[in-house]
1. When you go through (1) part of a loop (DSSP other than H, G, I, E, B); (2) in contact with a strand residue (DSSP E or B) (Cβ under 7 Å, 6 or more places away or on another chain); (3) modelled with pLDDT of 90 or more one by one for Thr94, which number turns out not to apply?
2. Any chance you could count how many residues in segment 62-99 are surrounded by 11 or more Cβ atoms within 10 Å (Cβ to Cβ), of a type in the set (A, V, I, L, M, F, W, C) and without any contact (Cβ under 8 Å) to a residue 24 or more places away in the chain?
3. Restricting to segment 29-61, name every residue that is closer than 17 Å to Leu105 by Cα, exposed (fewer than 11 other Cβ atoms within 10 Å of the Cβ) and not charged (D, E, K, R).
4. Which of the residues belonging to segment 82-95 are out of contact with any helix residue (DSSP H, G or I) (no Cβ under 7 Å at 6 or more places or on another chain) and not small (Gly, Ala, Ser)?
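The values are calculated or read from the model by the stated rules, or taken from the named source; none is laboratory data. All of these numbers come straight from a predicted model, not from anything done at the bench. Reconstructed Cβ throughout: ideal geometry from the backbone, glycine too, with neighbour counts over all protein chains shown.
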Amino acid sequence: TEWAGVGALMQEEGREEAERLLSGLAAQVNEMTGGLPILLIREGDPRDELLALIAEDPRISILILAASAATGGPGPLITALTSRYASKVTVPMTIVPGTMDDEALERVT
């Protein structure tokens with residue numbers, strides 16, 4: 001139907017935007033470390049997809065998440081992974097304050 005075509009187009013545009021964003025971030029990682037990251041795009045609920053990825057990929061040995069810089073809590077993903085879904089996180093998790101600047105991040109890495 002017509003609406004299915006619109007939905008598919010929106011999904012494709014979202015994927016292309018995600019690929020552009022990841023490409024730019026990969027270039028930054030390469031510049032900083034000299035290495036290329038593995039880029040993955042998954043569709044679905046971020047919490048569920050992240051937990052599934054950790055369970056599927058033994059190369060993942062730590063989860064590092066940035067908390068929201070806005071007031072009102074660290075964000076829904078961190079809230080879920082540190083409360084109701086904490087038992088499903090099978091690797092160590094580090095939460096970086098969203099207010100940390102590049103210099104502060106550099107000191108801790």
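1. Status for Thr94: all satisfied but (1).
2. Final tally of qualifying residues: 1.
3. Residues satisfying the conditions are Met32, Thr33.
4. First, the residues of segment 82-95 that are out of contact with any helix residue (DSSP H, G or I) (no Cβ under 7 Å at 6 or more places or on another chain): 82-84, 86-87, 92, 94.
Thr82, Arg84, Pro92, Thr94 - these are the residues of segment 82-95 that are out of contact with any helix residue (DSSP H, G or I) (no Cβ under 7 Å at 6 or more places or on another chain) and not small (Gly, Ala, Ser).
Yes or no, residue by residue, for (1) assigned to a helix (DSSP H, G or I); (2) within 23 Å of Gly14 (Cα to Cα); (3) hydroxyl-bearing (Ser, Thr, Tyr):
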| site | (1), (2), (3) |
| --- | --- |
| Glu43 | no, yes, no |
| Glu49 | yes, yes, no |
| Thr71 | no, no, yes |
| Leu77 | yes, yes, no |
| Glu106 | yes, no, no |
